[in-house]
1. Based on other C-beta atoms within 10 Å, arrange 196, 205, 311, 95 from fewest to most.
2. Using R₀ = 22 Å, calculate the FRET efficiency as 1/(1 + (r/R₀)^6) where r is the Cβ-Cβ separation of residue 237 and residue 144; round to 0.05.
3. Under a crude label model (7 Å from the Cα following the beta-carbon direction), how far is residue 78 from residue 11 in nanometres?
4. With a Förster radius of 25 Å, plug the Cβ-Cβ distance of residue 122 and residue 263 into 1/(1 + (r/R0)^6) and report the FRET value to the nearest 0.05.
5. In whole Å, how far is the Cα centre of region 202-258 from that of region 19-67?
6. Just want the ordering: 79, 343, 199, from fewest to most Cβ atoms lying within 10 Å of their own Cβ.
7. Between residue 33 and residue 96, what length in nm is gained on full extension when 0.36 nm per residue of separation is reduced by their alpha carbon distance?
8. Taking neighbour Cβ counts within 10 Å as the exposure measure, how do 156, 149 sort from fewest upward?
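FYI, it's all coordinate maths here, none of it is from the lab. Bear in mind the structure is a predicted one, so any value in this text is a computation, not a measurement. Please note: Cβ atoms are built from the backbone with ideal geometry, for glycine as well, and neighbour counts cover all protein chains shown.
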């Protein structure tokens with residue numbers, strides 16, 4: 001039995017019938033079953049026609065052009081998957097400091113939405129609302145004097161959402177973590193006559209090294225560079241704060257809430273579900289699965305902390321390696337790595353002895369281990385700058 005909080009949201013911002021409108025949304029909201037109807041398929045879109053491009057840091061995941069996505073949507077729907085979430089790889093030349101491409105009615109997301117809706121009208125389409133795929137600096141919002149500003153960003157996000165809904169989007173999913181975004185988006189949608197469009201709030205989105213493969217997939221790794229998102233994404237030390245975020249979003253009109261990333265924060269998922277009894281989702285494919293699979297299939301450049309003894313310490317970052325294809329490898333580091341820290345870069349293989357995709361150093365003869373050609377480690381010690 002859930003212990004409900006004192007507030008559940010209020011009509012008209014909260015309309016429970018929105019969740020019951022479509023067959024696909026009813027499947028997503030069902031509380032006591034577990035089927036493919038509980039899945040939202042994350043897809044990455046690139047420009048072109050007939051294009052398929054593997055995402056090297058996400059084994060088994062491709063960036064595809066809108067026409068290819070339409071065919072894959074048909075297959076997914078036939079397998080019982082009710083909805084997909086679209087993320088674009090915006091060409092670098094179309095990125096600007098203010099993310100103007102987000103408002104282009106013919107941007108990649110809008111093209112993809114129209115293609116999917118033409119191919120599978122009854123499939124739900126979820127669109128991310130954030131500016132990082134479109135900004136030259138890789139941040140989710142507008143940057144003024146080195147800071148990601150809140151209210152000005154929210155104004156642009158509302159325009160971005162209306163642009164996506166005009167293309168046929170069913171669910172607006174703001175992942176930007178700006179304060180007040182849910183209420184502003186609900187008001188903008190309702191005033192434009194879109195009161196039936198659902199809001200899926202990334203309510204508890206933590207700053208995480210697991211986002212590395214996702215940023216690679218959408219092409220924002222280079223844009224973000226050495227920047228981080230800790231002034232708006234949540235601190236991993238906090239869990240009560242997550243409940244406050246969820247409560248605010250429900251009050252402002254969220255129909256569903258999400259915890260991201262999923263695997264490391266199952267305690268937060270449990271607290272959210274038990275406290276609010278809301279439709280609660282986890283984003284589980286930013287990098288959790290990809291990092292484990294890539295370790296098994298490709299091997300990794302692994303970044304350890306080290307010290308004057310030159311012994312590998314805790315792992316603080318990863319980069320996927322693939323034979324014959326390693327140029328300008330970029331490892332995404334945990335955000336507590338500081339200038340001056342000593343780091344050991346080491347090449348690992350997956351020996352498959354214990355657990356595929358889990359690095360094991362001292363568990364016996366069949367442990368995973370560093371590559372040792374001619375008995376020498378493939379490694380280098382560097383200082384973070």
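1. On the way: 196 13, 205 27, 311 10, 95 22.
Ordered by Cβ neighbours within 10 Å, fewest first: 311, 196, 95, 205.
2. Values: r = 28 Å, r/R0 = 1.26.
Result of the calculation: an efficiency of 0.20.
3. 4.3
4. E(calc), rounded to 0.05, equals 0.20.
5. Measuring centre to centre over Cα atoms gives 20 Å.
6. Working: 79 10, 343 21, 199 25.
Least crowded to most crowded, the residues run 79, 343, 199.
7. Values: separation 63, 0.36 × 63 = 22.68 nm, distance 4.42 nm.
Taking residue 33 through residue 96 to full extension adds about 18.3 nm, to one decimal.
8. Details: 156 21, 149 13.
Exposure proxy ranking, most exposed first: 149, 156.
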